[in-house]
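Derivation of every value follows stated rules applied to the coordinates shown; laboratory data play no part. The structure presented is a predicted model; accordingly, all values stated were derived computationally and were not measured.
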Amino acid sequence: MNFNKSLDSALNIIFRIGFLVIPIIILYMVIGLILALPLMWLWNYTLPDITNGFLNYITYWQAWTIIVMFSILFGGGSRD
């Protein structure tokens, strides 16, 4: 009986953490997708003209990938 009680409390803690973490992950994804639009527009507006077509236009998902890549390389969220 005591085992079931401790299992229920452990599952309760896991569900509470999950309900806290999942919305945060979704929020970060939405913010990242929103930030990809200005990057795509700036890239497509400036770089093909500056480089005489050497750097072509990019898509929305390529802009999002660049944001993710730069945040990994340069520590996008770290304040250290």
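Worth a mention:
- Rounded to the nearest 10 degrees, the inclination of helix 2-50 to the longest alpha-carbon principal axis of the chain is 0 degrees.
- Angle between the chain longest axis and helix 60-74 axis [Cα atoms, degrees, rounded to 10]: 70 degrees
- Remark: the ILE66-ILE17 segment gains 14.6 nm on full extension, using 0.36 nm per residue and subtracting the alpha carbon distance.
- Based on the reciprocal of the average 1/r between different C-alpha atoms, the Kirkwood radius for the chain equals 15.9 Å.
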